[in-house]
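These notes are about the structure you will find just below.
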Amino acid sequence: MIEFHTLQLLPDLSGALFIPEYDTLLVADLHFEKGSSLARFGVIIPPFDTRSTLDGLEDVVGRFKPKTLISLGDSFHDRDGPERLGKTERERIDAMAKQTDLLWITGNHDPDLPDDLPGEVAEQVALGPLTLRHEPTICADGEICGHLHPAAIIQQRGRRLRRRCFAANKRRIFMPAFGAYTGGLNVKDKAFEPYWKQRDFVVFMLGKTAIHRLPSRVLL
Amino acid sequence: MLSESPSVNPQNDLPLVFERWFKSRGWRPRAHQLAILEQALDGQTCLLIAPTGGGKTLAGFLPSLVDLADNPCDGIHTLYISPLKALAVDIARNLEIPVKEMGLNIAIETRTGDTPQSKRQRQRYNPPDILITTPEQASLLIAHEGAAKFFGALKYIVLDELHALVSSKRGLLLSLALTRISSLAPCARRIGLSATVADPKLLCQWLGHGDNTAKLIMGAAGAVPEISILATREHLPWSGHSARYAVPEIYQLISNTGLALVFVNTRSQAERLFQDLWEANEDHLPIALHHGSLDVGQRRKVEAAMTEGKLRAVVCTSTLDLGIDWGDVDLVINVGAPKGSSRILQRIGRANHRLDEPSRAVFVPSNRFEVLECEAARVAAKLGEQDSEPPLGLKRDVLAQHILGCACGGDFDADELFAEITNSSPWFALSRKEFDAVLDFVATGGYALSSYEQYAKLKQTSDGRWRLSHPRLAQNYRLNSGTIVEEAMIKVRLVRAQKKRGNKPMSRFGGKVLGEVEEWFVEQLVSGDTFLFAGQILRFEGLQEMSAMVSRSFAQEPKVPSFYGGKFPLSTYLAGRVRKMLADPQQQKMLPEQVRDWLNIQRWKSILPKAADMLVETFPRANKHYLVCYPFDGRLAHQTLGMLATQRLERMGAQPLGFVANDYALAIWCVRDLSLAIETGRLDLTKLFDEDMLGDDLDAWLAQSSLMKRTFRDCAIISGLIERRTIRSEKSGRQMTVSSDLIYDVLRTHQPDHVLLKAAYDGAASGLIDVKRLGQMLARIKNHIVHKPLEAVSPLAVPVMLEIGRVPVYGEGDEALLAEAADSLIDEAMTLL
């Protein structure tokens, strides 16, 4: 449970975030069709990433049954991603749109989404005290964003463990990337620095069976 | 390279100019040099096995030099392949001497990763007579469209230090390059040069082509080495890998001899010992350090100083195992475990610059078990027993790289390529089905979902031949080929210490490069940490771009103990000898008194197991119950056994908490009383150590294991699925990679029988988890488990028990560790949210 701007937020093991107050589920950085995007350049990694991401998404949607599902940008790895979706995968997205209202926030990878994609498209969304957008903004307050793919590293008993995580302070929550082929960036990386003072944040590391809350100073 | 030889064949093929040259040097050609000349001029493929100092290198070149002296060649005449870059350069330099002295008009050049691009280009259209190169370069040379023309006139392929290549993926890739070269240059004869190996027949077969195996030529054996084990007056440590106790004695050995090579097993041991020796160095003897992480320039300086006779000792790792003689080494000191007989013989051979004089070596064990291992190795080395690894068999990832390489050289017919490859002994067992699966993988990824047809790397032309779909792929291939998958390395740069932590920027281009360390090691450092590197204690200042900035530190002890270096498992052969020694009081008489006492107390308190038996001890200690067993099968196999056995104990209700393994033993600790459980029959040791654990249990664990993911990464890189470097700009380079762990997870879910997963399983089974060795061990100990319940820890168990707390403890899931990290902080105020 994350208390954030008077709201109770439920982080999920999958990397999704549920907001009961608005019956809304958030996911970030799905990066659909990343595999086929790289394949165009001769890096022919397995093409099953969209399936895997959808498997995870259907599972979490099935569990929370939210009224609205919001994807916080970079839902597709590139502009042509929606066109390259396999038939089955496209049908699965259409089916999901029948169960829940889809809202796609645009990201730097997918600034334009095609009209035939089911659901609404927006650059950012205001939800009560919250602002949902893809890229973080320096002076924001009550912001939930994606973009940076946070991951945290700890060392315990001589072993290093690296996991995707939610990273949060009073003003902002970074969502972990949800996509099957999305890696993580260490929350201690320079890229995060502009967004907090003296690293005043906590992380919620995604384990296999539980989420672990840790202060930033124990992270490597 | 050469010295006097006892026997000479008067009827030989040696031209007069060569005879004269030998004479002018006061030498006579050796029998094996003439034998190889005769065979090679006769068109035979041959393998010369001779000890170090036997004039092997010249023997390898002799047929080429003799042929070239009379018949100038248009195009490349001889391809000489050496496993080390540095060696190639030195061999070229050494070969130029006789060529010059005999006044032969022969062009000799090297081609390695360090050769400038312009020179490599020039070599392709204007090749030298003799090209000295590495296996990787050989693979690159066949991946060019002009390969057929380039190799057209080739007469000889000389493969040096073959024993060091054949058991690795490098050698396997080379075997494939050789099949190609043989097709391009059917007249080229192969000459192999090797140190003594366990089974020369396998090497002859490897070197041959199809049914035609190489003819074996044995050089005269060298004198039997003189080996002793350091008779220390100090207390012998129970465990650990620090020979610190023996530093004054090692120093004494160095001061009493001309040039000593001090071999250790890991880079961190080298750093530590070098540091300690300098502290003891009252006479300011020139002692140097040499290991793979040091800057190349620094290493070359040390090598040059050795050759010039300026040094008294060099502390080194396996980087000096191979190669020509860098100076006259008088004594080899091997610190730590010898690990294998062949390996240690190779090292001892470094002190063998005159074949008829024995080389001298002293073994310095760093703990009590190593005394046993040293004694076993001493006897084995004296008898000249070999335990070198057999050649590696087919690997799918290596095949994938070769297929793409062939396509870079021009279009090919699948039937022909398959026939060509299966001419090489490591690939005899390759089935057409497997070959086609790998070909499909190279072409389109081999995925069940055929969505990548349009992005295929290889496409079939109308006449059925396979060709590269885009020339860019050939460029990429050249950037990414090779089978050595290295950890990401970070340069270590020396800068001035920062006055205060924080804002003052470090010099942007500052700092002399001291060498490179693994990225993960640097990642765990925080600024202010001190560690040993390049023979000094350094203070970590921070990470800048891709460099670790360090300053000199005045600390007495480094804060961060060590960084990873090479680790070798104890060879099966030596392990067998150690087991026999434990069982035989007669053999123990050779051991130092401290060790004999230790074993005697073990015999009195517990059991010294028979050679065929595996002793299992159980005892309570500090509210936990321990099970310690002694298979002597190496740390990797023990770790795998530990992982699988704890799972079984879990199911048997013993509530295991963790385990730790070393090269000799495995210790597992549990909540439940194990002695009692075994006595009452609730715990059956036969079942615990049953071979069936290598079935489903192994698969289940392996699939989740990080070791498997590491192996998968290596396979993915070697097979070309993931690229190390791309020709696209650095900016977008980041976007072009996906972590191999993520690919592994996705692939395992959606296509568990994919060719690359098979390759990874294969690799892990023989590599990081050593399933093969574990399987042999479980078969061996079946019906030979001897259980001894004890009141307290036994003398034999002390070393492995001491490892607890020193090495990472396995068996506790990542989840538990995460929870622990969170729990230990649970009371701390969380004021942020």
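Before moving on, here are some points about what is shown:
- Of all residues in segment B:282-299, those satisfying the criterion of being of a type in the set (Gly, Ala, Ser) and touching a helix residue (DSSP H, G or I) at 6+ places or on another chain (Cβ under 8 Å) are B:Ala288, B:Gly292, B:Ser293.
- Tally of residues being part of a helix (DSSP H, G or I), of a type in the set (Gly, Ala, Ser) and either closer than 20 Å to A:Lys208 by Cα or more than 10 Å from chain B (Cβ to nearest Cβ) (or both) across segment A:1-52: 1
- Selection count where residues are open to solvent by less than 10 Å² (accessible area, probe 1.4 Å), at the interface with chain B (Cβ under 10 Å from one of its Cβ atoms) and either touching a strand residue (DSSP E or B) at 6+ places or on another chain (Cβ under 9 Å) or not in a loop (DSSP other than H, G, I, E, B) (or both), scope segment A:180-203: 3
- Residue match in segment B:693-714 (condition: farther than 27 Å from B:Asn480 by Cβ, at pLDDT 85 or above and open to solvent by less than 20 Å² (accessible area, probe 1.4 Å)): yes
- Per this entry, B:Ala107 is not counted among residues that are within 29 Å of the chain's Cα centre (by Cα) and under 22 Å from B:Asp67 (Cα atoms).
One line per residue, one yes/no per condition, for (1) open to solvent by less than 20 Å² (accessible area, probe 1.4 Å); (2) touching an Asp or Glu at 6+ places or on another chain (Cβ under 9 Å); (3) free of Cβ contacts under 8 Å to residues at least 60 places away in the same chain; (4) assigned to a loop (DSSP other than H, G, I, E, B):
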{"residue": "B:Arg233", "(1), (2), (3), (4)": "no, yes, yes, yes"}
{"residue": "B:Ser239", "(1), (2), (3), (4)": "yes, yes, no, yes"}
{"residue": "B:Pro248", "(1), (2), (3), (4)": "no, yes, yes, no"}
{"residue": "B:Leu253", "(1), (2), (3), (4)": "no, no, no, no"}
{"residue": "B:Gln269", "(1), (2), (3), (4)": "no, no, no, no"}
{"residue": "B:Arg272", "(1), (2), (3), (4)": "no, no, no, no"}
{"residue": "B:Leu277", "(1), (2), (3), (4)": "yes, no, yes, no"}
{"residue": "B:Asp283", "(1), (2), (3), (4)": "no, no, yes, yes"}
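- Verdict on A:Ile138 being surrounded by fewer than 21 Cβ atoms within 10 Å (Cβ to Cβ) and either away from chain B (no Cβ under 14 Å) or closer than 15 Å to A:Gly15 by Cβ (or both): yes
- Residue, surrounded by the fewest Cβ atoms within 10 Å (Cβ to Cβ), within segment B:430-460, restricted to residues that are farther than 21 Å from A:Gly86 by Cβ and small (Gly, Ala, Ser): B:Ser431
- Residue within segment B:221-231 that is over 30 Å from B:Asn334 (Cα atoms) and either buried (at least 21 other Cβ atoms within 10 Å of the Cβ) or touching a His at 6+ places or on another chain (Cβ under 8 Å) (or both) present: no
- Search result, residues across segment A:204-220 that are of a type in the set (Gly, Ala, Ser) and open to solvent by less than 20 Å² (accessible area, probe 1.4 Å): A:Gly207, A:Ser216
- Unique match (being more than 30 Å from A:Asp49 (Cβ to Cβ) and either surrounded by 19 or more Cβ atoms within 10 Å (Cβ to Cβ) or not acidic (Asp, Glu) (or both)) among B:Ala419, B:Ala407: B:Ala419
- When A:Val121 is tested against (1) open to solvent by 20 Å² or more (accessible area, probe 1.4 Å); (2) in a loop (DSSP other than H, G, I, E, B); (3) at pLDDT 90 or above, exactly one condition is not met: (2).
- Residue ranges of helices (runs of 4 or more DSSP H) in segment B:565-679 with at least 2 members within 24 Å of B:Arg773 (Cβ to Cβ): B:572-583, B:635-651
- Subset of segment B:72-103 [part of a loop (DSSP other than H, G, I, E, B), surrounded by fewer than 21 Cβ atoms within 10 Å (Cβ to Cβ), over 28 Å from the mean Cα position of the chain (by Cα) and aliphatic (A, V, I, L, M)]: B:Met102
- Positions within segment B:446-486 being at pLDDT 90 or above and more than 12 Å from chain A (Cβ to nearest Cβ), in sequence order: B:Lys459, B:Gln460, B:Thr461, B:Ser462, B:Asp463, B:Gly464, B:Arg465, B:Trp466, B:Arg467
- Number of positions in segment A:162-179 that are open to solvent by 10 Å² or more (accessible area, probe 1.4 Å) and among the hydrophobic types (A, V, I, L, M, F, W, C): 1
- Near pairs, Cβ below 8 angstrom, 6+ apart or cross-chain, from segment B:738-762 (over 26 Å from A:Leu185 (Cβ atoms) and of a type in the set (Ser, Thr, Tyr)) to any residue that is in a loop (DSSP other than H, G, I, E, B) and open to solvent by less than 60 Å² (accessible area, probe 1.4 Å): none
- For segment B:149-172, taking the residues that are open to solvent by 10 Å² or more (accessible area, probe 1.4 Å) and in a helix (DSSP H, G or I), the one that is modelled with the lowest pLDDT is identified as B:Ala164.
- Condition met for A:Glu91 (of a type outside the set (A, V, I, L, M), closer than 24 Å to B:Leu747 by Cβ and either within 14 Å of chain B (Cβ to nearest Cβ) or in a helix (DSSP H, G or I) (or both)): yes
Here's the yes/no breakdown for (1) touching a helix residue (DSSP H, G or I) at 6+ places or on another chain (Cβ under 7 Å); (2) under 28 Å from B:Gly763 (Cβ atoms); (3) among the aromatic types (Phe, Trp, Tyr):
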site	(1), (2), (3)
B:Phe632	yes, yes, yes
B:Gln639	no, yes, no
B:Gly642	no, yes, no
B:Ala645	yes, yes, no
B:Arg651	no, no, no
B:Thr680	no, no, no
B:Leu685	yes, no, no
B:Glu691	yes, yes, no
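The values are calculated or read from the model by the stated rules, or taken from the named source; none is laboratory data. Fair warning: this is a prediction, and the values are worked out from it, not measured in the lab. Positions of Cβ are generated from backbone atoms using ideal geometry, with glycine treated the same way; all protein chains shown enter the neighbour counts. Calculation scope for accessible area: heavy atoms of the full protein, side chains included, ligands and nucleic acids excluded. Shrake-Rupley method; radii C 1.70, N 1.55, O 1.52, S 1.80 Å.
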